[in-house]
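The values are calculated or read from the model by the stated rules, or taken from the named source; none is laboratory data. All figures in this text were calculated on a predicted structure; none of them were measured in a lab. Counting neighbours? That spans all protein chains shown, and the Cβs are built from the backbone with ideal geometry, glycine included.
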């Protein structure tokens, strides 16, 4: 079950602050986003999630986000469903071409399975730092903690966002710090297939 919880964390937390990233300095905006993320390859498991979020970016750099995530997971042939509700707060420091955002979030997740009675309910705390430029490139580091299970993890995300007149979209790749550490130590790019790829589409107004 702990592995399932970690899978939910990584698939649900791959990115934040899309509206803030795409909003010009000194401007305010609201955004509605739909997202999908999946683990590229998972041994004896599947891991994917759909998300819906709404966020508001103020003209002084503060951003508030609320969201829902539906996770579809399977481990060793046993299916699990994850339902998550999240609220987050971020502050953006925008300069000329390069920018940074600091964010915190709290997510509540309920995991159920048709194979078992009852459910598992727990909270997750996330602190993230995102570096991005005016071309939409993003690098993000998140520290993710489940207090009830004394679990700490780190997630790294790379991505890019594009803004059009009516629709904006982005693509991300994320993986745990441990995965990147193993990749560097062993020099084996095969580790990258155990990361997550995500897409997000939305509109700002």
In the range 179-197, residue surrounded by the fewest Cβ atoms within 10 Å (Cβ to Cβ) [restricted to those that are touching a residue at least 60 places away in the same chain (Cβ under 8 Å) and out of contact with any helix residue (DSSP H, G or I) (no Cβ under 8 Å at 6 or more places or on another chain)]: 193
Qualifying positions in the range 154-178 - in contact with a helix residue (DSSP H, G or I) (Cβ under 9 Å, 6 or more places away or on another chain) and surrounded by fewer than 19 Cβ atoms within 10 Å (Cβ to Cβ): 154, 156, 162, 163, 173
Among (1) closer than 21 Å to residue 89 by Cα; (2) under 17 Å from the mean Cα position of the chain (by Cα) - the single one residue 147 does not satisfy: (2)
Restricting the range 113-133 to residues that are out of contact with any helix residue (DSSP H, G or I) (no Cβ under 8 Å at 6 or more places or on another chain) and modelled with pLDDT under 90, the residue that is surrounded by the most Cβ atoms within 10 Å (Cβ to Cβ): 113
